[in-house]
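For reference, the structure I am asking about is given below.
The values are calculated or read from the model by the stated rules, or taken from the named source; none is laboratory data. None of the values given here were measured: they were computed from a predicted structure. Here the Cβ positions follow ideal geometry from the backbone for every residue, glycine too, while neighbour counts run over all protein chains shown. Surface accessibility is based on the protein's heavy atoms, side chains included, excluding ligands, DNA and RNA. Shrake-Rupley method; radii C 1.70, N 1.55, O 1.52, S 1.80 Å.
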Amino acid sequence: MESTNRIGAYHATGEVNDSRSSVPSLSDRLLSSPIIAAVNTMDMFEAALHAPPKSLYLLTGNPMTLPQIVKRARDSGKGCLVNVDFLNGLSRDREAIEYLAAHKVEGIVSTRFDVLKVAQSLGLLPCREHLQLIPQL
């Protein structure tokens, strides 16, 4: 059986509103380029940095690796949505979301409503588990 590395893609739908800086916001990038590269390995991350999608959906990482991953993505002009339900080493609480916000993550994906409320309160784009964008909680 042949193993291939493919970049998974998710199509984002819905209207969002995010105006935190003069750099194109995640919501602006999603509206102009609604395909999101799903990343669950470092090989996929490397490929996604050079792929057309302007947003990355991170399904991997931990407190030691995530800051560098997000920085490299930002340096490549890409925004990051992070699925906190799949991260290692972080709880699903306010402090974890504050940590992610401090490291310039732009959106949070989770199945937990309380996590999404915290993300929105910190100016991050909250998304349900299937990348349903949530404009208002």
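Take peptides 107-116, 42-51 and line them up by average Cβ neighbours within 10 Å, highest first, as a rough protection proxy. Don't skip to the end; give the middle numbers.
Details: 107-116: 19.4, 42-51: 15.8.
Per-residue mean Cβ counts within 10 Å order the peptides as 107-116, 42-51.
Might you work out the accessible area of LYS117 for me, using a 1.4 Å probe with all protein chains in place, and round it to the nearest 10 Å²?
LYS117 exposes around 90 Å² with every protein chain in place.
What whole-number value in cubic angstrom gives the convex hull volume per residue for the C-alpha atoms of the stretch 43-137? Let's see the in-between values first.
Numbers: hull volume 8.6 nm³, N = 95.
It is 91 Å³ per residue.
Another question, if that's okay. Starting from the Cα-Cα distance between TYR99 and LYS117, subtract it from 0.36 nm times their residue separation and give me the gain in nm to one decimal.
5.0 nm
Then there's this: What's the extension gain from ARG92 to SER33 if we count 0.36 nm per residue and subtract their Cα-Cα distance? Intermediate results must be reported in sequence, preceding the final value.
Numbers: separation 59, 0.36 × 59 = 21.24 nm, distance 2.90 nm.
So the extension gain works out to 18.3 nm.
Just need log10 I(q)/I(0) for the stretch 33-88 at q = 0.30 Å⁻¹, Debye formula, equal scatterers on the alpha-carbon atoms, no solvent, rounded to two decimals.
Normalising to I(0) and taking log10 leaves -1.39.
Pop out the ³J(HN,Hα) list for the stretch 69-86 in order, Karplus 6.51 cos²θ - 1.76 cosθ + 1.60 with θ = phi - 60°, rounded to Hz; leave Gly and Pro as x.
4, 5, 4, 4, 5, 4, 4, 8, x, 10, x, 10, 9, 10, 8, 5, 6, 10
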